[in-house]
Amino acid sequence: MARFLLEINSHVWLGEQPWANPAKPDLADLPDEQVGRWTDMGIDAVWFLGVWRKGEATRRICLESTELRNRFERVLPGAGSDHVIGSPFSIADYSLSPALGNETTLARVRRKLNDRGISLILDFVPNHVAVDHPWVFQHPDRFVHGSPSEVERAPGNYFRVPGEHDDRILAHGRDPYFGGWTDTAQVNVFRKETRQALIEILLQVSEVCDGVRCDMAMLVLNDVFRRTWGDISFFDYPDGNPPEFWSEAIPAVKQRHPDFLFMAEVYWDLEHRLQEMGFDFTYDKVLYDHLRRADGPAFRKRLAETLNYQDRFVHFIENHDESRASDAFGRRHAAAATVLAGLPGMLLCHDGQFEGRRVFLPIQLDKRPNESVDRSLRTFYDKIFAVMREPVMHMGGFDLLEILPAWTDNPTHRFVVAYCRTFGDERRLIVANVSDTQSQAFCRILAQQIEAPVFEFRDLLSDVVYRRDRAALLEKGMYFDLAPGASHIFDVRPAPPDAKADA
């Protein structure tokens, strides 16, 4: 099962590739050498974001928004409207966008990836479709409807269907805490016909890829949907108790493709519920937030409370919805990446993350600004990838380690995170200062597991070697004095015979 996922913004990335033909771009022209580089990095799944055909309205709606136009201008000064293509989540048809290739492209891309052991992941949006999706005109009963008073009171949440159906008012897609996405139409998952149509789409998508990342997957949970739109299930479910959508959709796909991967974008502490409904992986935004705030105790508490299902979490320090890691974490970037490197579950990385890109790109654009490469960060990631390919980093035991104050009245230990991975005789100690503050701490390593008078700690990120006395480690733990954003991955083993502990 996929463990290391790379997210690529398809339109942006293809437009930058020297091998792409501007007159006839085709994602399937992807060179074997590029796929080989991903394999060498250890990537075993690629998520091509935004491959599906968008509605025409999303671009117009973007260009009519002063807020969005100002945001685009800040990112691409002087670019005008040339690079505005609209939202990848305003989908009019689950067929490939003509700007990315033709009807055979996805099959050829998938074959190239699969031949090197890499899975192809694509998008599925269960909660809404494009505001000009054919269903809006041909199957209006598949949507949440509104009234004239609602569209007047909340024009950002409802719209009149244009043309001959302008007396029809439908809802824009949204979650219960924010206004509507005005380039989308909200599907009604409490209608059986809607559910079946969505499942048919999923089955079609499952024929051209190896898995889906499901956008805002929690919005179609019964209680969330009811909280957003009220109890509108009575048409098809008079008892008011429809089965959960995912409990129907996931088995329908897995019956045909047992190894098909379902990954959920999910928030609000609903991750484990979706796992129980069949999702192979779910986002762990909570862990990301703790890491970004440098809240070591909360980070450790989250890990401790979720260890039974951590292996089904997706961990990240950036994606298309979050700030670039080099901007959000600054000099803590490497420490944050190190902390995630050996966690159970899936690691999601984002194209541009390894080079230190800092500009957050609106998803409605197909071009990003030029940025210089952070070569030291690129070198760091090369080392991390090499370490992550070792079986010990993703197989065998995981132990979250206790962190203690270095001395009384020194609170900086709360910025330190440490854990150990063990596989046979191989042991790796991952430790990081996730803050911008010099931090001191004792770490209770599992010294009782090694019968040797002296332990050797060899840092795989810097080649620094420490030797520590076993008795001292058992008594107090290992002392660390960590610079802001410092991190280590230690190979821990018995020191050579007659080796002495460091003074």
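Computed from the coordinates by the stated procedures, all read-outs in this text should not be read as laboratory data. Source: prediction; values computed, not measured. All Cβ positions, glycine included, derive from the backbone under ideal geometry; neighbour counts span all protein chains shown.
Observations on the structure shown:
- Efficiency of FRET between residue 40 and residue 178 - r from beta-carbon atoms, R0 35 angstrom, step 0.05: 0.25
- Coordinate range along principal axes, alpha carbons of the stretch 123-210, Å, largest first: 43, 31, 21
- Backbone HN-Hα couplings from phi across the stretch 438-446 [Karplus 6.51/-1.76/1.60, Hz, Gly and Pro as x]: 4, 9, 10, 6, 9, 10, 7, 6, 7
- Evaluated with a Cβ-only charge set (Lys, Arg +1; Asp, Glu -1), the stretch 225-352 carries a dipole of roughly 560 debye about its Cα centre, given to the nearest 20.
- Theoretical ellipticity at 222 nm over the chain - DSSP helices of four or more residues, -39500 (n - 2.57) apiece, nearest 500: -8500 deg cm²/dmol
- Of the DSSP H helices in the chain, those whose Cα atoms cover at least 24 Å axially and whose Kyte score averages 0.5 or more: none
- Placed amide H near residue 119: partners under 5 Å, 5+ positions off or other chain: 45, 46
- Amide hydrogen neighbours beyond the local backbone of residue 93, cut-off 5 Å, H modeled: 53
- Over the stretch 397-494, the hull volume per residue, using the convex hull of the C-alpha atoms, is 85 Å³.
- Rounded to the nearest Hz, the phi-derived 3J(HN,Hα) couplings of the stretch 403-416 under the Karplus curve 6.51 cos²θ - 1.76 cosθ + 1.60 (θ = phi - 60°) are 10, 10, x, 6, 7, 4, 6, 10, x, 6, 4, 5, 8, 9, where x marks glycine and proline.
- Per-residue HN-Hα couplings for the stretch 208-220 [Karplus 6.51, -1.76, 1.60; θ = phi - 60°; Hz; x = Gly/Pro]: 10, 8, 10, x, 10, 9, 8, 5, 6, 5, 6, 5, 9
- Subtracting the Cα-Cα distance of residue 237 and residue 67 from their residue separation scaled by 0.36 nm leaves 57.1 nm.
- Each DSSP beta bridge with both residues in the chain is either parallel or antiparallel, and the antiparallel ones are about 65%.
- About the Cα centre, charge dipole magnitude for the chain (Lys/Arg +1, Asp/Glu -1 at Cβ), debye: 780
- Fully extended contour minus Cα-Cα distance, from residue 270 to residue 474, at 0.36 nm per residue: 69.5 nm
- Each label was represented as a point 7 Å from its Cα along the Cα-to-Cβ direction; for residue 459 and residue 115 these points are 4.3 nm apart.
- For the stretch 237-273 versus the stretch 436-503, the inter-centroid distance based on Cα atoms is 45 Å.
- For residue 264, residues with placed amide H under 5 Å, excluding near neighbours: 214, 281, 282, 283
- Set 301/500; 285/367; 254/383; 24/383; 54/383 screened for pairs whose C-alpha atoms are more than 30 Å apart: 301/500; 254/383; 24/383; 54/383
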